[in-house]
Amino acid sequence: MDSSRNTIWSAMQSKGYNRRDFLQFCTMAAVIAGIEQSALGSVVEAFEKVERPPIVWLHFQECTCCSESFIRASHPIVADILLDAVSLNYTETLQAASGFQAEKCLQDTIKKYPGKYILMVEGAIPTADGGVYCMIGGRTAEQILQECAKDAGTIIAWGSCASNGCVQAAKPNPTGATPVHKLVSQPVINVPGCPPIADVMAAVVTHLLVHGRAPELDSLGRPREFYGRRVHDTCYRRPNYDAGLFVESFDDENARKGYCLYKMGCRGPITYNACSVVKWNEGTSYPIQSGHGCIGCSEEGFWDNGPFYQHLRSFPGFGIESTADTVGATLGLVTLAGAGVHAAVTNIRKQKLIAEIHAEDAESNHQKES
């Protein structure tokens, strides 16, 4: 191997890691990216030979919660990916450089590595009034985005602000906040959430490192692996929903029993995310498990979807999922109907049995008389 190449393995060697540490790192990377054990060799080979991709991480209309979530992930792979495995050339939040030095890092990266660097964007881009609501060094956010996106190898929109506009784009959207994918011509990997789950962010970067391409995306540009199912589908309270057992107020007995939070505004049935599987805080919990309904933060326009604590009257689904307002009554009717059918069937069986007994008795008496 050419030791002069800026690979992940060479970077780890320079920090004193041995071969065993490197293989453990590769294993963790494979696990978090959902790569099966039989393909571990490809991960090792990629990390040995592929040069570390330079990264430009831009910040616009946002609160930096995506960065905060990412660097506070429970899995140790996250810090290694961000600070060791990739070459984080520019980010206003974490870089030590400032002013002209910082801008030089940005310009050097986009000029020296066309088609190779990863552009990560956090925050929506204001387009109203000439973009005056977010400017850096006399340039608008959109101008900076277009310059950096033009030769980027991959573009990732971190969080709901960059993916769909989030709170900045809520009605009446005075700044004209716009998501990244509506302003650039290249494909964009959208990783929505306010903020996204840290380990999901890490898995997306790991997938790029290992495979050199984006993960499979859905129609909205989201990684299908993490946004392919509703929170409702994997929620541990789902059986209570199906049984018509709902929390009516946050301090009632049903809340203490852990019943479904749908009537308290939970948007789990219309929200696609991995919260109930990956979870937060070292895999400890997620909003629903802590007693608060999902607010649907990974879905477009969630700020405008009505009060957070007023449940939707209905949502797309099948059978029992038509509406939470009728599910209890429906179950009651089904139960009564079932009981009626059971009683009728039982009565028929008893009548048949009695008739058979009478027939046997008649036959027995006839034989005796003969």
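Just so it is clear, none of the values below were taken in a lab; they were calculated from the coordinates. Not measured: the values here are computed from a predicted model. Glycine gets a Cβ as well: all are built from the backbone with ideal geometry, and neighbour counts include every protein chain shown.
Some observations on this one:
- Compared with the rule-of-thumb size 2.2 N^0.38 Å for a compact globular protein, the stretch 8-225 has a Cα radius of gyration ratio of 1.01.
- Amide H to amide H distances under 5 Å link Y90 with I55, W57, where only residues 5 or more positions off or on other chains count and H is placed in the peptide plane.
- 11 Å beta-carbon shell around G228, net charge (K/R +1, D/E -1): 0
- Shown is the FRET efficiency for R213 and L94, computed with R0 = 35 Å from the Cβ-Cβ distance and rounded to the nearest 0.05: 0.85.
- If you take all other residues with their beta carbon under 12 Å from the beta carbon of N190, and give Lys and Arg +1 and Asp and Glu -1, the sum is 0.
- Bins of 10 Å, starting at 0 and running to the largest distance - Cα pair percent for the stretch 229-322: 17, 53, 29, 1
- Mean Cβ neighbour count within 10 Å, used as a protection proxy, ranking 220-230, 132-142 highest first: 220-230, 132-142
- FRET efficiency, 1/(1 + (r/R0)^6) with R0 41 Å, evaluated for L220 and Q13 via beta carbons: 0.50
- The order of the peptides 116-122, 6-12 by mean Cβ neighbours within 10 Å, most packed first, is 116-122, 6-12.
- Mean Cβ neighbour count within 10 Å, used as a protection proxy, ranking 278-290, 176-188 highest first: 176-188, 278-290
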